[in-house]
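Here, each number is a calculation from the coordinates, and none is a lab measurement. The structure presented is a predicted model; accordingly, all values stated were derived computationally and were not measured. Because the Cβ atoms are built from the backbone with ideal geometry, glycine has one as well, and the counts that use them run over all protein chains shown.
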Amino acid sequence: MAKSSFSKAFGHVLMPKKQKKTVFWQPVDQVYPRLCDFETLATSFSNRGGIYTIWHLGVRPQWLRVSATKNYAETFAALSALEEVALYDRNRGVFFAWAHAPSEQWAGIVQSLATCLAPALQGLSLETEAFLDIAAKPVNFPLPPGTAN
């Protein structure tokens, strides 16, 4: 009996515990909201920030933008008001996802994702977004679940 207890205790030290799958992107259920409907969600976004990406689903699905913001509500409002974004939403098809990450990694995450995805509206400049150092070292970060490049 003592041997069994010892082997159980020793086994726990040597065997790595199963790592929990880290969920970065929201919403977790992968029911991504339309950007132009964000007003219904704005209260939960006020004064919260992180990484976000927008894309459209249409005849030719395309990534539109990946960036970081200190306030999701302000940035999503600014994006939905842009004519460039509205052109992609003609058929009710611009969606978004957001991810919480340490702010010191935002620049590297955005750089890595933007290089991988080549978003169509990456060149836009929004006052509501966080300043990102373009010389930051890229940080690997997963794509939102259920989306494909």
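Need one number: nm distance between label points at residue 29 and residue 47, each 7 Å from Cα along Cα→Cβ, rounded to one decimal.
The two pseudo-label positions are separated by 2.7 nm.
With each pseudo-label sitting 7 Å past Cα toward Cβ, what's the residue 91-residue 137 distance in nm, one decimal?
Label at residue 91, label at residue 137, 4.3 nm between them.
Along each of the three principal axes of the Cα atoms of the range 96-148, give the extent in whole Å, ordering the values from largest to smallest.
Over the range 96-148, Cα extents along the principal axes are 29, 22, 18 Å.
Can you give the three extents of the C-alpha atoms in the range 32-136 along their principal axes, from longest to shortest, in whole Å?
Taking max minus min along each principal axis of the Cα atoms, the range 32-136 gives 36, 31, 22 Å.
In terms of modelled amide H atoms, which long-range or inter-chain residues lie less than 5 Å from the amide H of residue 101?
51
Could you give each residue of the range 50-62 its phi-based ³J(HN,Hα) in whole Hz, using Karplus coefficients 6.51, -1.76, 1.60 with θ = phi - 60°, and x for Gly or Pro?
Working through the residues one at a time gives x, 8, 9, 9, 10, 8, 10, 10, x, 4, 10, x, 7 Hz.
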